[in-house]
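Undergrad: Following this message is one structure expressed as structure tokens.
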Amino acid sequence: MSPKDQIRYNHASYTKVKFTMRKPLVAGNWKMNGSLKDVGALAESLKKGLAHQSQVEVAVFPSFIHIPQVEQILTGSPIVWGAQDLYIGQSGAFTGEVSGSMLADLGCTYVLVGHSERRQVFHEDLGLISAKFKAAQNANIRPILCVGETLEERENGKTEEIIKEQLNSVIEASGIEAFKSAVVAYEPVWAIGTGKTASPEQAQEVHAFIRWLFAKQSVDVGNSLRILYGGSVKADNAQGLFAKPDIDGGLVGGASLDAAGFLAIVKAALQKTE
Ligand code: 13P
């Protein structure tokens, strides 16, 4: 039995223990985009398009300075918002940074932690990412921990090793139970902003591996953890990805800046619940 078969075998053996219905989550990471006018119009369109509670949770992630405006527009809407980053300190002399308690004060629900752009462009290491995950939980904000391999790592057969390392450093620092209120996003670096999406089969394989990693330590966490796929998710590929059993929604970059496209992705996630 090759190591890969073993993973599938283990994965299959734990899913039999219990079946948990996970509410899909579709998250729009707006990154460093938009003016007050654009972002306001986008939030208004989403609010109009998603007026009612649905079987799919929807979250948007504006830049820090757009948060108060988006928060105001989304009042009374089922759409929640999150932040793209946070700092580990609570307050004090950290010029330019924003703390978890500041975000919580505004009603923040989620925060992205460990996005590959933070890891690569801003050189965030495993220690800082683990500390940010902890800081989010201390502020009662749900972290969305992003993990993923580069193209070179995938081509060298290192995908599972890299993801395991990225997840284990956070599990070791915060404990497995911390993932009861967290979300994991698998975002292969080679698929982000490149138009090259992982195939549903490629993504499912890694999602199953991630779930197995958690289930090994806690069947409950393994079953209930939402694992999102991110990397060139679009209206026309979302349905195929979301149809896979271990893909619980998406973390969408570019396509989340267009209201109609993003709403179509939410609709694709809705089909998972039917
Ligand atoms: P794209 O959807 O633009 O590839 O971005 C994905 C991403 O990084 C979401 O966090």
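Undergrad: Can you tell me how many residues in the stretch 43-71 are within 15 Å of the ligand (Cβ to nearest atom) and either open to solvent by 40 Å² or more (accessible area, probe 1.4 Å) or under 13 Å from Asp258 (Cα atoms) (or both)?
TA: 1
Undergrad: Identify all residues within the stretch 133-147 that are of a type outside the set (A, V, I, L, M) and open to solvent by 10 Å² or more (accessible area, probe 1.4 Å); write none if there are none.
TA: Lys134, Gln137, Asn138, Asn140, Arg142
Undergrad: Here is a further query. Working only within the stretch 133-144, note down all residues that are closer than 19 Å to Trp30 by Cβ and either assigned to a helix (DSSP H, G or I) or not aliphatic (A, V, I, L, M) (or both).
TA: At the first step, the residues of the stretch 133-144 found to be closer than 19 Å to Trp30 by Cβ are 136, 141-144.
Scanning the stretch 133-144 gives Ala136, Arg142, Pro143.
Undergrad: So is Ile67 of a type in the set (Val, Ile, Thr), over 24 Å from Ala268 (Cα atoms) and touching a residue at least 24 places away in the same chain (Cβ under 8 Å) or not?
TA: The answer is yes for Ile67.
Undergrad: Return yes when Ile162 is more than 16 Å from the ligand (Cβ to nearest atom), in a helix (DSSP H, G or I) and free of Cβ contacts under 8 Å to residues at least 40 places away in the same chain and no when it is not.
TA: Working: more than 16 Å from the ligand (Cβ to nearest atom): yes; in a helix (DSSP H, G or I): yes; free of Cβ contacts under 8 Å to residues at least 40 places away in the same chain: yes.
Yes.
Undergrad: In addition: Determine, yes or no, whether Gln120 is within 16 Å of the ligand (Cβ to nearest atom), in contact with a Leu (Cβ under 9 Å, 6 or more places away or on another chain), at pLDDT 95 or above and not β-branched (Val, Ile, Thr).
TA: In short, no.
Undergrad: While we're on this one: Provide a single number: the residues in the stretch 92-117 that are away from the ligand (no atom under 12 Å from the Cβ), touching a helix residue (DSSP H, G or I) at 6+ places or on another chain (Cβ under 7 Å) and either at pLDDT below 95 or not in a loop (DSSP other than H, G, I, E, B) (or both).
TA: Residues meeting the conditions: 2.
Undergrad: List, please: which pairs have Cβ atoms under 7 Å, are six or more places apart or on different chains, and start with a residue in the stretch 226-243 that is more than 14 Å from Ile192 (Cβ to Cβ) and touching a residue at least 60 places away in the same chain (Cβ under 8 Å) and end with one that is away from the ligand (no atom under 11 Å from the Cβ) and in a strand (DSSP E or B)?
TA: Arg226/Leu25; Arg226/Val183; Arg226/Gly249; Phe242/Gly249
Undergrad: Of the residues that make up the stretch 8-29, is at least one of a type in the set (S, T, N, Q), within 27 Å of Lys164 (Cβ to Cβ), open to solvent by less than 50 Å² (accessible area, probe 1.4 Å) and modelled with pLDDT of 95 or more?
TA: Taking every residue of the stretch 8-29 in turn, at least one turns out to be of a type in the set (S, T, N, Q), within 27 Å of Lys164 (Cβ to Cβ), open to solvent by less than 50 Å² (accessible area, probe 1.4 Å) and modelled with pLDDT of 95 or more.
Undergrad: Name, by its number, the condition in (1) under 20 Å from Trp30 (Cβ atoms); (2) at pLDDT below 95; (3) surrounded by fewer than 17 Cβ atoms within 10 Å (Cβ to Cβ) that does not hold for Gln217.
TA: That leaves (1) as the condition not met.
Undergrad: Mind listing just one residue for me: the one in the stretch 220-252 that is open to solvent by less than 10 Å² (accessible area, probe 1.4 Å) and in contact with a Pro (Cβ under 6 Å, 6 or more places away or on another chain) and, of those, nearest to the ligand (Cβ to nearest atom)?
TA: The qualifying residue nearest to the ligand (Cβ to nearest atom) is Gly231.
Undergrad: I need a count of the residues in the stretch 253-274 that are within 11 Å of the ligand (Cβ to nearest atom), among the aliphatic types (A, V, I, L, M) and touching a helix residue (DSSP H, G or I) at 6+ places or on another chain (Cβ under 6 Å). Steps first, answer last, please.
TA: Of the residues in the stretch 253-274, the ones within 11 Å of the ligand (Cβ to nearest atom) are 253-257, 261-262, 265.
Okay, now just the ones that are also among the aliphatic types (A, V, I, L, M), so 255, 257, 265.
Next cut, touching a helix residue (DSSP H, G or I) at 6+ places or on another chain (Cβ under 6 Å) only: 255, 265.
Selection size over the stretch 253-274: 2.
The values are calculated or read from the model by the stated rules, or taken from the named source; none is laboratory data. The shown structure was predicted, so the numbers you read here are calculated from the model rather than taken from an experiment. Positions of Cβ are generated from backbone atoms using ideal geometry, with glycine treated the same way; all protein chains shown enter the neighbour counts. These area figures cover heavy atoms from the full protein model, side chains too; ligands, DNA and RNA do not enter into them. Shrake-Rupley method; radii C 1.70, N 1.55, O 1.52, S 1.80 Å.
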